[in-house]
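Peer 1: First the structure, then my questions, so here it is.
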Amino acid sequence: MSEQAEHVECLIIGSGPAGFTAAIYAARADMKPVMYEGLQPGGQLTITTEVENYPGFPHGIEGPEMMTLFKEQATRLGADIRFGLATATDLSKRPFRVTVDETKEIIADTVIIATGASAKWLGIPSEEKFKSNGGGVSACAVCDGFFYRGKEVAIVGGGDTACEEASYLAKICKKVYMIVRKDHLRASKAMQHRVENTPNIEILYTSTTKEILGDQVVDGAIITNTETNSDRKLDIQGFFVAIGHTPNTTIFKGFIDLDEQGYIKTIPGTTRTNIPGVFACGDAQDKVYRQAVTAAGTGCMAALDAERFLAEQPVEEGVQGNGL
């Protein structure tokens with residue numbers, strides 16, 4: 001390493017509602033937390049416009065502004081928040097070793113993982129154009145569906161998540177188009193029956209998105225039927241992508257127990273992982289809810305779990321993990 005290793009009591013990897021809440025609680029517990037914010041400081045909410053479903057903001061709040069407030073609160077309470085990306089870890093024994101930006105080594109008595117998950121996107125240029133600033137492209141129907149009440153929208157995907165979000169949108173939107181790449185839905189039979197029997201959901205099988213239309217905001221989309229090679233224009237005001245998320249957990253492989261999708265396994269009712277002293281919160285370990293408020297809740301839990309762990313167990317070399 002090109003820099004001398006730094007020892008900290010509590011290292012938080014990643015930011016967002018989970019990481020910042022963990023930092024707030026850890027700072028109040030005098031754990032002197034050090035946070036490295038990661039590639040996207042503030043997490044996914046920094047590319048979200050108005051947030052209306054977070055308690056305490058009766059008139060809503062812009063996502064970036066909310067994350068700025070979270071950060072200011074954590075800093076005021078004593079958290080050391082730094083820009084940087086964790087690039088490698090050694091969690092085989094305590095104290096743990098984490099490399100930041102491939103050069104700096106941190107030695108930590110406890111580690112709180114709050115690296116989140118990244119939404120999968122279609123990868124077309126017009127999608128990128130409307131992803132931020134309220135342009136009309138979203139990866140979370142529960143977060144943003146409200147803004148399209150009474151309007152026509154489209155959602156891409158054929159799995160359970162896509163069907164659940166299509167059903168949610170159908171309750172508040174005039175029309176929902178489901179754009180499905182295959183000639184069938186991958187969702188469970190129950191979810192298939194639900195969307196197939198919802199009058200204002202139209203499923204477009206063997207279809208892909210060619211282009212999302214609009215100037216500043218979405219006002220349509222061109223859909224290609226891959227069987228007939230024909231195009232169809234949809235007059236929509238919102239476009240949702242529900243093709244999955246990728247948890248940002250690669251650097252923990254080989255140490256932390258992950259599920260088949262890469263999400264961190266935690267002991268039910270806690271944020272504890274299979275490695276004593278390592279805790280996980282937010283979307284890195286939650287593939288069900290994925291909301292700011294639930295992420296913040298698990299961030300609180302992680303800090304409390306870490307505080308109790310430090311009070312009960314001294315730092316020892318060679319602590320072995322228990323598989324989940």
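The values are calculated or read from the model by the stated rules, or taken from the named source; none is laboratory data. Remember, it's a predicted structure, so these values are computed and weren't measured experimentally. In this analysis, Cβ positions are derived from the backbone assuming ideal geometry, glycine residues included, and neighbour counts consider all displayed protein chains.
Peer 1: Here's a check for you: in segment 258-281, which residue that is of a type outside the set (S, T, N, Q) and touching a Gly at 6+ places or on another chain (Cβ under 6 Å) is nearest to residue 11 (Cα to Cα)?
Peer 2: Going through the qualifying residues, I end up with 281.
Peer 1: Same structure again: Right, residue 212: over 25 Å from the mean Cα position of the chain (by Cα) and surrounded by 24 or more Cβ atoms within 10 Å (Cβ to Cβ) or not?
Peer 2: When the stated conditions are applied, residue 212 does not pass them.
Peer 1: Here are some conditions: (1) crowded, with 16+ Cβ neighbours inside 10 Å; (2) touching a strand residue (DSSP E or B) at 6+ places or on another chain (Cβ under 9 Å); (3) more than 15 Å from residue 237 (Cα to Cα). Residue 191 meets all but one. Which one does it not meet?
Peer 2: For residue 191, the exception is condition (2).
Peer 1: Quickly run through segment 150-160 and pick out the residues that are surrounded by fewer than 24 Cβ atoms within 10 Å (Cβ to Cβ) and out of contact with any Lys or Arg (no Cβ under 9 Å at 6 or more places or on another chain).
Peer 2: none
Peer 1: Right, next: So residue 161 clears everything in (1) part of a loop (DSSP other than H, G, I, E, B); (2) closer than 30 Å to residue 273 by Cα except one condition, right? Which one?
Peer 2: All conditions are met except number (1).
Peer 1: A further question follows. Residues that are buried (at least 17 other Cβ atoms within 10 Å of the Cβ), at pLDDT 95 or above and touching a His at 6+ places or on another chain (Cβ under 9 Å): list the strands (runs of 3 or more DSSP E) wholly contained in segment 43-143 that include at least 3 such residues.
Peer 2: The qualifying strands (runs of 3 or more DSSP E) are 104-113.
Peer 1: Next up: For residue 256, are the conditions met, namely being assigned by TED's automatic domain parsing to the domain that holds residue 282, part of a helix (DSSP H, G or I) and closer than 30 Å to residue 98 by Cα?
Peer 2: No.
Peer 1: Could you count how many residues in segment 1-36 are modelled with pLDDT of 95 or more and farther than 18 Å from residue 96 by Cα?
Peer 2: Result for segment 1-36: 13.
Peer 1: Here's a check for you: in segment 284-305, which residue that is of a type outside the set (A, V, I, L, M), closer than 19 Å to residue 51 by Cα and modelled with pLDDT under 95 is surrounded by the fewest Cβ atoms within 10 Å (Cβ to Cβ)?
Peer 2: Ranking the candidates gives 289 first.
Peer 1: Go through (1) modelled with pLDDT under 95; (2) in a strand (DSSP E or B); (3) among the basic types (Lys, Arg) for residue 210 and report which single condition fails.
Peer 2: (1)
Here is a yes/no grid of residues against (1) in contact with a helix residue (DSSP H, G or I) (Cβ under 7 Å, 6 or more places away or on another chain); (2) at positive phi; (3) assigned to a helix (DSSP H, G or I); (4) among the β-branched types (Val, Ile, Thr):
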position: 260; (1), (2), (3), (4): no, no, no, no
position: 269; (1), (2), (3), (4): no, yes, no, no
position: 288; (1), (2), (3), (4): no, no, no, yes
position: 303; (1), (2), (3), (4): yes, no, yes, no
